[in-house]
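The values are calculated or read from the model by the stated rules, or taken from the named source; none is laboratory data. What you see is a predicted model, and the numbers here were worked out from it, not measured in a lab. Note that we place each Cβ from the backbone using ideal geometry, even for glycine, and neighbour counts take in every protein chain shown. Only protein heavy atoms, including side chains, enter the accessible area calculation; ligands, DNA and RNA are left aside. Shrake-Rupley method; radii C 1.70, N 1.55, O 1.52, S 1.80 Å.
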Amino acid sequence: MQFSTTQESATELAASCIVVSINDKGQLSNAAESINTAADDYLTDIFDSGDFSGKTGETLMLVKVPGITTQRLILVGSGSAEKDISPKDFIKIAESAAAAIKKSGALQAALYLEDIAVANKDNAWKAEQTAIACENALYLFDQTKSKPAREAEDYSDSIENIVWAGEADLQSALEKGQAIARGVSVAKDLGNMPPNICTPTYLAEQAIALAAETGLVETTIIDEAELEAMGAGAFVSVSKGSTEPGKFIIMKYQGADDANEAPHLILGKGITFDTGGISLKPGAGMDEMKFDMCGAASVLGTMVALTELKPKINIIGMITTAENMPAGNASKPGDVVTTLSGKTVEILNTDAEGRLVLCDALTYAIDNLKPASIVDIATLTGACMMALGTVNSGLFTEDESLAAELQQAATHSHDKVWRLPLEDDYQEQLDSNFADIANIGGRLAGSTTAACFLARFTEGQSWAHLDIAGTAWHSGGKNKGSTGRPVPLLVNYLLNK
Ligand code: BES
Ligand code: MN
Ligand code: ZN
């Protein structure tokens, strides 16, 4: 899809499809007004007759409207006339418009959405979100169907050109949105890919391919044998029960002129399938534990977006990846292992494996990669999902400025986070009679004790933890699938650096 901008009026523009908005009181946007005038009140007649109510995201396709040059005109409802519309509503409007363009089969469309006043957001934000919505509308996962849906006759995935119509030149906002959407799509594909295909080795291959294709990333793989030799006992305790070898994946992007400038590091949990191990999970819905690598997927997606946007800073995308399986040689509840940091851990529940693969990766990153900051992203706890549902990812950090940066990026991208406590007062829940620390902290405050576990391995480091258990995928039913979150948040956070 190509994006461009135009200052041309809606009545004169030679586009095969034009999108204009009308609110729920029948008030026309400027572009709709000019069309209405040229078309002898056609649009106001439609509203007055009740065929279009203008409610948020409602669409109506019109063809061959008299008085204008375009073949197709899509009306989109902009909702309440009383107040500025919310960012969420604007995204809904853009998504509905994109869906209507796709359905129309138009190869090219111009969107006149700048007139819609969105609370606290400027036109660049609207253009960025619209680009994301248009790219997302074409997302489809059919890689594992015998007859790919995109080869079916009635399937159209062919929007070729999107034109943003407005006053300002917002080309770079459109390109930013497009890069974010590509990153989201990469993350979705990886998340949706079945776990017999998307193994730790597969993730490593994707990272190697990114390096080869862009020439902008240097990828290093540390395999399980090296990790064992290094002393990453917590990581190995998870990975050893699987026949799929685990790995650390390190993707270095150098955008700063100075190669020695300390990098900002993002670290993703990549459990390509989480059975729970010997602390086996119940069977119902267990297939969704293929999504336990969505943190890793968001890191890869973010790196893809960054290679397009080329910010002038140094960034490292790191993934800690393994499969958590029950086996004769798997870890047992009660096992004590020595982490890469030297601290010992009593594994009271083998299903609390995320923190085990993360703690050694954090130690490795801090000691060897010397990052200016670390943000880890993990589908870490069911408890976080219980607390925040599917709306917000959990944000845990004691670094106030890092918290502010992440919250700002979350607000901008509407990829929301909610701060949850990370306090020493909870640490005693992790006390163990037999090791320095236990890997579970009891029933209460489960997402905080998981974060507290990680905090033991990040002392003195600028670090934040995002628990994306509730936000990384849509559960069950028809909607089941990866969301690509928090790629929009991460890209914005890093660009702001
Ligand atoms: N990957 C899961 C967390 C999870 C569960 C995410 C369900 C999304 C939906 C994680 O490895 C896990 O099993 N966590 C346990 C921790 C517990 C044993 C302390 C959990 O949340 O139940
Ligand atoms: Mn688990
Ligand atoms: Zn897990």
**OP:** Run Asn433 past the list (1) part of a helix (DSSP H, G or I); (2) surrounded by fewer than 15 Cβ atoms within 10 Å (Cβ to Cβ) and report the number of the one that doesn't hold.
**Re:** (1)
Original post:
Within the group Gly446, Gly394, which residue is touching a residue at least 12 places away in the same chain (Cβ under 8 Å) and under 20 Å from Lys281 (Cβ atoms)?
Top reply: Gly446
Original post:
Within segment 432-447, how many residues turn out to be of a type outside the set (Ser, Thr, Tyr), more than 9 Å from ligand 1 (Cβ to nearest atom) and under 19 Å from Ala234 (Cα atoms)?
Top reply: 6
**OP:** Give segment 244-286 a look and list any residue that's open to solvent by less than 30 Å² (accessible area, probe 1.4 Å), of a type in the set (A, V, I, L, M) and more than 16 Å from ligand 2 (Cβ to nearest atom), or say none.
**Re:** Ile249, Ile250, Met251, Ala256, Leu265, Ile266, Leu267
Original post:
So which of Ala38, Ala32 ends up being farther than 29 Å from Ile180 by Cα and open to solvent by less than 20 Å² (accessible area, probe 1.4 Å)?
Top reply: Ala32
**OP:** State which residue pairs qualify: first residue of a type in the set (D, E, K, R) and inside segment 305-318, second residue in a helix (DSSP H, G or I) in any location, beta carbons under 8 Å apart, and separation of 6 or more residues or different chains.
**Re:** Glu308/Glu175; Glu308/Gln178; Glu308/Ala179; Glu308/Arg182
**OP:** Working only within segment 363-386, note down all residues that are under 24 Å from Lys290 (Cβ atoms) and either more than 20 Å from the chain's Cα centre (by Cα) or within 16 Å of ligand 3 (Cβ to nearest atom) (or both).
**Re:** Asp376, Ile377, Ala378, Thr379, Leu380, Thr381, Gly382, Ala383, Cys384, Met385, Met386
Original post:
Could you count how many residues in segment 236-287 are free of Cβ contacts under 8 Å to residues at least 24 places away in the same chain and within 16 Å of ligand 1 (Cβ to nearest atom)?
Top reply: 5
Original post:
Can you list the strands (runs of 3 or more DSSP E) found entirely within segment 339-422 that contain at least 2 residues being open to solvent by less than 40 Å² (accessible area, probe 1.4 Å), more than 16 Å from ligand 2 (Cβ to nearest atom) and among the β-branched types (Val, Ile, Thr)?
Top reply: 373-378
Original post:
From the list Lys332, Lys310, Lys290, Lys343, which one is of a type in the set (Lys, Arg) and closer than 18 Å to Lys269 by Cβ?
Top reply: Lys290
Subject >> Hits in segment 459-497 (condition: open to solvent by less than 10 Å² (accessible area, probe 1.4 Å), outside any helix (DSSP H, G or I) and of a type in the set (Val, Ile, Thr)) >> reply: Ile468, Thr471
Original post:
Would you pick out the residues in segment 436-449 that are surrounded by fewer than 17 Cβ atoms within 10 Å (Cβ to Cβ) and under 16 Å from Arg355 (Cα atoms)?
Top reply: Gly442
Subject >> segment 159-209, residues that are in a loop (DSSP other than H, G, I, E, B), open to solvent by 40 Å² or more (accessible area, probe 1.4 Å) and in contact with a Leu (Cβ under 7 Å, 6 or more places away or on another chain) >> reply: Glu160
Original post:
Considering only residues of segment 294-317 that are aliphatic (A, V, I, L, M) and under 16 Å from the mean Cα position of the chain (by Cα), which is nearest to Ile180 (Cα to Cα)?
Top reply: Ala305
Original post:
Of Thr344, Thr307, Thr320, Thr381, which residue is within 27 Å of Glu423 (Cα to Cα), touching a helix residue (DSSP H, G or I) at 6+ places or on another chain (Cβ under 9 Å), β-branched (Val, Ile, Thr) and more than 16 Å from ligand 1 (Cβ to nearest atom)?
Top reply: Thr344
Original post:
Which of the residues belonging to segment 347-378 are among the basic types (Lys, Arg) and either free of Cβ contacts under 8 Å to residues at least 24 places away in the same chain or more than 13 Å from ligand 1 (Cβ to nearest atom) (or both)?
Top reply: Lys370
Subject >> segment 323-344 residues that are farther than 25 Å from Thr199 by Cα and assigned by TED's automatic domain parsing to the domain that holds Ile440, paired with ones that are within 16 Å of ligand 3 (Cβ to nearest atom) and among the charged types (D, E, K, R) (beta carbon under 8 Å, 6 or more apart) >> reply: Ser341/Asp360
**OP:** Answer yes if at least one residue in segment 324-333 is within 12 Å of ligand 3 (Cβ to nearest atom) and either within 22 Å of Thr220 (Cβ to Cβ) or open to solvent by less than 40 Å² (accessible area, probe 1.4 Å) (or both), and no otherwise.
**Re:** yes
